[in-house]
Amino acid sequence: MILFGAYLFGTSPVQAQTASNAAIECRENSAMAACVAKAEAMIAKRQFRQAADYLQPACERGSVPACDALWPILLEDKYGLNDSARFYSVFGKSCQAGAMATCDNGSLVASGGFVGEWSGSYVDYRRIRAFAEPGCAQNLVNSCYGMTLLLLTPDSPSYQLDKGLQFARKACDLGLLLACTAGSDVINTLDNFEAAKRSADLYAMNKKACDARQTVYCAGLANIGTMASRVGQQGAVNAWHMFMVDQGISSGDWGASVSYAVNEARSPAATRYAVESAAAAGRMRDLGQNDLYSVQNFYSGTKAGRLASSELSRRANQRAAASAASSSTGVLPCNSECQRQIFIKDNTPLRCYVKDGRRICNK
């Protein structure tokens, strides 16, 4: 009956005997080194199943060399075993025995974070936590990344956004660039205001990636950092709108920044910030006339309202002066408004004139 059972489960009598011998010979901790050496000799002879039998007891007792030799035999196609159930059983016992390196490796396999020459996927979300939590607690980066994948992969039954980002940030801080970019990419898929709430993590992970020459993560980095600093005081919504204003300012489009704050964001904090920033930079001339009217009307008691009113007065005075000059001379002075109509034709500069109340250009 024993032999029948061996054949029934795909194990020859010789293999069954090897397993029995290994269980006896390797049952003591003092025998682990000898068992590993015997397994290495079997590997050299391509006796992979027998080698696995000798490596298993040592690995289960926490021998890292035994585990390092065992996992490829159990998982890689070229060894012919492809036994993920045995891998998880053995490595689970080794991790529980305190071999943190096996916790790390088990985490990689269970989470899909490790790429091997395997015929199938060994991802098993149910098993990740048992390997990854103790490993990450010891600051093992692959274990922290395993927890990241467990909690941030959309089809994981354990999906938890903020917990997952905590592990991504930890793995990133431990130096795993893949965790930095993974965490950043997740935040960038969120609603704008939800992303703003997590902008401190976004900044930290983007900076690590940028420092590692992943240039796509350098875009807007300083503005993301500023947004993160504003969230606590201004709130996520205002921080996001002010970030968008900063993005426009960084590209040199002051008019668009104010227009966004006034018409799209409709945020008092962002509007005041945009107008006051434009004034401080001497760029009030770039702001749209209608935007200035809106700011003057809706923010009349604020600094931004007064700045808008002042700019509107300046423009009105300029138009009045231009009109007076054109009435007396018939020629519109080439001020900033008139200069927009000047162009070159046959290398001859054209001048602005007023005729029948309309500006025209003639030689």
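Every read-out reported here was derived from the displayed coordinates using simple, explicitly stated rules and does not represent laboratory data. Please read these numbers as outputs of a predicted model, since none were measured by experiment. Cβ: placed from backbone, ideal geometry, glycine included. Neighbour counts: every protein chain shown.
With the convex hull built on the Cα atoms of region 150-211, state its orientation-averaged projected area in nm².
3.8
To the nearest 0.05, what FRET efficiency results for Ala281 and Asp162 with a Förster distance of 30 Å applied to their C-beta separation?
With a Förster radius of 30 Å, E is 0.20.
Taking R0 as 45 Å, what's the FRET efficiency between Ser121 and Asp253 from their Cβ-Cβ distance, rounded to 0.05?
Once the sixth-power term is evaluated, E becomes 0.40.
Pairs to check: Lys93/Lys163; Lys78/Lys170; Lys163/Lys197; Lys45/Lys78. Give those whose C-alpha atoms are more than 25 Å from each other in this structure.
Going by Cα-Cα distance, Lys93/Lys163; Lys78/Lys170 fall outside the 25 Å limit.
Using a Förster radius of 30 Å, what is the FRET efficiency between Gln289 and Thr189 based on their Cβ-Cβ separation? Nearest 0.05, please.
Given R0 = 30 Å and the Cβ-Cβ separation, E is 0.20.
Just the Cα atoms of region 199-304: what Rg and Dmax do they give in Å?
Cα only, region 199-304: 14.9, 48 Å (Rg, Dmax).
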